Amino acid sequence: MSQIDGLAKQVDSITDDMCKDVKEVFGDQNDYEAKGGMKVMSDSLGRGMVLVMSLWDDHAAQMLWLDSTYPANSTHAGALRGPCSIDSGKPEDVEHNSPNSYVKYSNIKVGDIGSTNPDMMNMEFLQ
């Protein structure tokens, strides 16, 4: 069960209603619903998908939406998204300090949670 501050009830699964409620509490646009929600996601998964990973920088929002406070300095529910400073992720810093950055992905595994890494079988997941 997960309790989100401002959400009237605890949730234990992702549903269209849960996504709608969370977007309302966070004051975010419900783009997921606009694009068809669970039905379209399920249909897409049924057709198969390709995993895409990349190394990039974000000139629009400095990656704050991923692991910092976004919008910066907001105290609204859902704004705190991770521990990074709102001064981090500036593309000019990344590009200047690490111009030759690259990434190598390897040992990618697919399977049910806990099935691809035996060490994960006994791991306690925090909520």
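The values are calculated or read from the model by the stated rules, or taken from the named source; none is laboratory data. For clarity, every value in this text was computed on a predicted model and none was experimentally measured. All Cβ positions, glycine included, derive from the backbone under ideal geometry; neighbour counts span all protein chains shown.
Taking the residues in region 52-86 that are acidic (Asp, Glu) and in contact with a helix residue (DSSP H, G or I) (Cβ under 9 Å, 6 or more places away or on another chain) as candidates, determine which candidate is modelled with the lowest pLDDT. Selected residue: Asp57. Counting only residues that are surrounded by 12 or more Cβ atoms within 10 Å (Cβ to Cβ) and at pLDDT below 90, region 26-51 holds 3 of them.
Under the condition of being in a loop (DSSP other than H, G, I, E, B), without any contact (Cβ under 8 Å) to a residue 24 or more places away in the chain, over 17 Å from His76 (Cα atoms) and hydrophobic (A, V, I, L, M, F, W, C), the residues counted in region 1-13 number 0.
Counting only residues that are among the β-branched types (Val, Ile, Thr) and surrounded by 14 or more Cβ atoms within 10 Å (Cβ to Cβ), which one in region 4-25 is modelled with the lowest pLDDT?
Among residues in region 4-25 that are among the β-branched types (Val, Ile, Thr) and surrounded by 14 or more Cβ atoms within 10 Å (Cβ to Cβ), the one modelled with the lowest pLDDT is Ile4.
Beta carbons closer than 6 Å, at least 6 apart along the sequence or on distinct chains, pair a first residue in region 89-114 that is not assigned by TED's automatic domain parsing to the domain that holds Asp57 with a second that is polar (S, T, N, Q) and surrounded by 10 or more Cβ atoms within 10 Å (Cβ to Cβ) for Lys109/Thr116. When you scan region 27-45, do you find a residue that is within 30 Å of Gln3 (Cβ to Cβ), out of contact with any Gly (no Cβ under 6 Å at 6 or more places or on another chain), in contact (Cβ under 8 Å) with a residue 40 or more places away in the chain and of a type outside the set (A, V, I, L, M, F, W, C), even just one? Among the residues of region 27-45, at least one is within 30 Å of Gln3 (Cβ to Cβ), out of contact with any Gly (no Cβ under 6 Å at 6 or more places or on another chain), in contact (Cβ under 8 Å) with a residue 40 or more places away in the chain and of a type outside the set (A, V, I, L, M, F, W, C), which makes the answer yes.
All conditions in (1) out of contact with any Pro (no Cβ under 8 Å at 6 or more places or on another chain); (2) at positive phi hold for Gln62, with the sole exception of (1).
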